[in-house]
Protein chains: 2
Amino acid sequence: MTHSEENYLKAIFHLNKGGAKAVSTNALAGQMDTKPSSVTDMIRRLAEKGVVHYKKYQGVSLTEKGSRLALSVIRKHRLWEVFLVEKLSFNWDEVHEIAEQLEHIKSEQLIDRLDELLGFPQFDPHGDPIPTKDGSLPSGDKQLLSNMPLHSKGICVGVKDSSSAFLKFLDKNNIALGHRIELLEKEEFDNSVFVKVNDAPMHLSYQIASNLYVKKI
Amino acid sequence: MTHSEENYLKAIFHLNKGGAKAVSTNALAGQMDTKPSSVTDMIRRLAEKGVVHYKKYQGVSLTEKGSRLALSVIRKHRLWEVFLVEKLSFNWDEVHEIAEQLEHIKSEQLIDRLDELLGFPQFDPHGDPIPTKDGSLPSGDKQLLSNMPLHSKGICVGVKDSSSAFLKFLDKNNIALGHRIELLEKEEFDNSVFVKVNDAPMHLSYQIASNLYVKKI
DNA sequence: ATTTAAATTTAGACAAATCTAAAAATATGT
DNA sequence: ACATATTTTTAGATTTGTCTAAATTTAAAT
Ligand SMILES: [Mn+2]
Ligand SMILES: [Mn+2]
Ligand SMILES: [Mn+2]
Ligand SMILES: [Mn+2]
C-alpha cells in the first residue's frame, strides 16, 4: 500500500464508523481534500486490490482486508502520538501532523517495540482508543457533554474535534482528559452549558460541549 | 524535496566525500540501484532546483544548498538509528532499513527533541558521526584496521561496511565498538591480520580488517 | 412524469519517477 | 590517429496520483 492508498483507507474507515451504509465519493473527496474525480480513480485501484467494495454510483466500503489495513494505520498513528507527547514532550495539539507522516513507516517490529516502550497504552493523547495488534478497537461508553443529562457527573475522556484551535482553548481553560465534569445547567436558548470542571465553574458554548467526550460515573 | 530527491542528495554526498571531483552518472546509478537514464533525469531536476552543479557528461556535485540538505537527511538517519538501538533495543544490524524511512519525516522540532531525548549523541550505532544542527560533520581521526602499522594499539570506533551480514559476524566474534584492538601480525600473502580484541586473540581476513575503523591510542 | 439539480464517472491532460532501446559523446587501446 | 568500448544522454513509454471539463447517472422538485 502506498501512503496515499493508506490515507484513503483511513478516511473510508472514519467516515464509515457509525453509519452502516457505504461512503459517498463526495464525502471522501471532502475528507481527503481532493476532487471527486480523483477519488473515483483511487477507489478503482483500491477495488482492484481487494481492499474495498465498490459498485459504480453506489459508494464504497472496506472489505475485511481493507478494514484490517486501516486499523493498522490508525494504530500506528495513535501510538506515535502517544510517543510524541509522552517521550518528546509535545503538546497534544502539535502531534497530529507529525503522526500523519510517521503512521506510514513500515515495520511490524518497530511498532511492537514502540508499543512496549510506551507501556501498551490504550488511548492516544486525544482519548481515542488504540487498536490492538490483532485489530480490535475498544469502543468505550463515552458520550458528548452536550448529550449528558442535567446534573450528571463524569470524567472528561476525549475530544471529537482535535484541531489545534480547540485543544488550545481547552488548555487555556484548564480542561484536560481525566478531569471531573459536572453538568449544572443547560441553557435552552443556545444549548450552552454551565459546568464544574474539577470544581472550577464555567460556561461552555454548544460548540465546545458538543466536542468533548465524557464518561459517566 | 521528495523522498527520492533526498535519497539522491545523500548518495551524491556519500560518493563525493573524500574525492574532490564530480560524481559520475554510472556511479550514482550503482549507488541508487537504478538505471543511468533515470539518474540523468533526476540530476536535471535537481539542477533546476539549484541543489547540484551539473554539466552534461561532466558528472554532478552538490551546491552549498544541496550539501546542507544532504547533511540534514544524514543527521536524521543517524539520530533515528541511535533511537532504535538505545530506546527500542534493536540490534545495530537491524536499524538501517527503518532509518531509511524515518529520515524523510519532516519536522525540525521532532528531530531537535529526539536529539535531546538521546542526550545529543555524537555518533550513530555504526560509529558514524552525527552532523550537528548547523551542518558541521566532525571527521574524527579513525583509520581502517588494514591500514594500521604493525604492533599499534587502538580502539574500535566504527565500521565501513554496515551490512547486516558483516555486523552479525562482528557480534558473533565479540567485536564491538569501544573494544581495544592490538595489531599483532600481518600476513603478506593475503593481507589478513592477527589481532587481540579486548585480550582475545583472533585471525581476521583482509575483508574484515578493511571494514573496521580503529582510532589509534 | 418531466424537469432540474446534484452527485458521480469518463475523457484527456499533467508532473514525478521510473524503464528500455537507440543515439551521441567521451575514453581507451593499438 | 583511428577503431572500439564505455559512458552518458535522448526518445518514447509506463505507473501513480492528481487535475479540469464534459458526459452520465441518480436524486429532488415541480
Ligand atoms: Mn491524529
Ligand atoms: Mn489522536
Ligand atoms: Mn544507516
Ligand atoms: Mn549508521
Pairs from B:K87/B:K196; B:K17/B:K56; A:K21/A:K49; B:K35/B:K160 whose Cα-Cα separation, in the structure shown, is over 23 Å: B:K87/B:K196; B:K35/B:K160
Prolate/oblate/rounded label for segment A:165-217 (Cα gyration tensor, a/c 1.5): oblate
The protein assembly as shown, Cα convex hull volume normalised per residue, Å³: 203
Label point 7 Å beyond Cα along the C-beta direction, distances from A:D161 to other copies (nm, shortest first): 5.9
Cut-off of 10 Å, at most 11 other beta carbons, DSSP loop: longest stretch of chain B lacking such chymotrypsin sites (Phe, Trp or Tyr not before Pro): B:58-188
Sites B:K216 and B:K35, calculated FRET efficiency, Cβ-Cβ separation with R0 51 Å, nearest 0.05: 0.75
Length-normalised contact order for segment B:71-217 - Cα pairs under 8 Å, 6+ apart - percent: 24
For chain B, convex hull volume per residue from C-alpha positions, Å³: 139
Nm distances between copies for B:G135, ranked from closest, using label points 7 Å along Cα→Cβ: 4.7
Other-copy label distances relative to B:Q207, 7 angstrom Cα-Cβ extension, nm: 6.8
Summed side-chain charge close to B:I155 - residues other than B:I155 whose Cβ falls under 12 Å, Lys, Arg +1, Asp, Glu -1: +3
Low-density loop cleavage sites - GluC sites (Glu not before Pro) in segment B:153-191, where at most 10 other Cβ are within 10 Å (DSSP): B:E188
Cβ-placed point charges (K, R +1; D, E -1), dipole of the protein assembly as shown about Cα centre in debye, nearest 20: 860
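Could you tell me whether segment B:43-152 comes out rounded, prolate or oblate from its Cα gyration tensor? Rule is a ≥ b ≥ c as square roots of the eigenvalues, rounded for a/c under 1.5, then prolate if a/b exceeds b/c, otherwise oblate.
Oblate, since a/c reaches 1.5 and b/c is not below a/b.
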Summed residue charge, Cβ within 10 Å of A:R78's Cβ, Lys/Arg positive, Asp/Glu negative: -2
Anisotropy class of segment A:117-217 from Cα gyration tensor, a/c 1.5 cut: prolate
Under 17 Å from the A:N198 label point (7 Å along Cα→beta-carbon), backbone N, segment A:144-164: A:154-159
Net dipole in debye of chain A [+1 Lys, Arg Cβ; -1 Asp, Glu Cβ; about Cα centre; nearest 20]: 720
Summed side-chain charge close to B:H14 - residues other than B:H14 whose Cβ falls under 12 Å, Lys, Arg +1, Asp, Glu -1: +2
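Every number here is computed from the coordinates shown, using simple stated rules; none is lab data. Keep in mind that what you see is a predicted model, and the values were worked out from it rather than measured. Cβ: placed from backbone, ideal geometry, glycine included. Neighbour counts: every protein chain shown.
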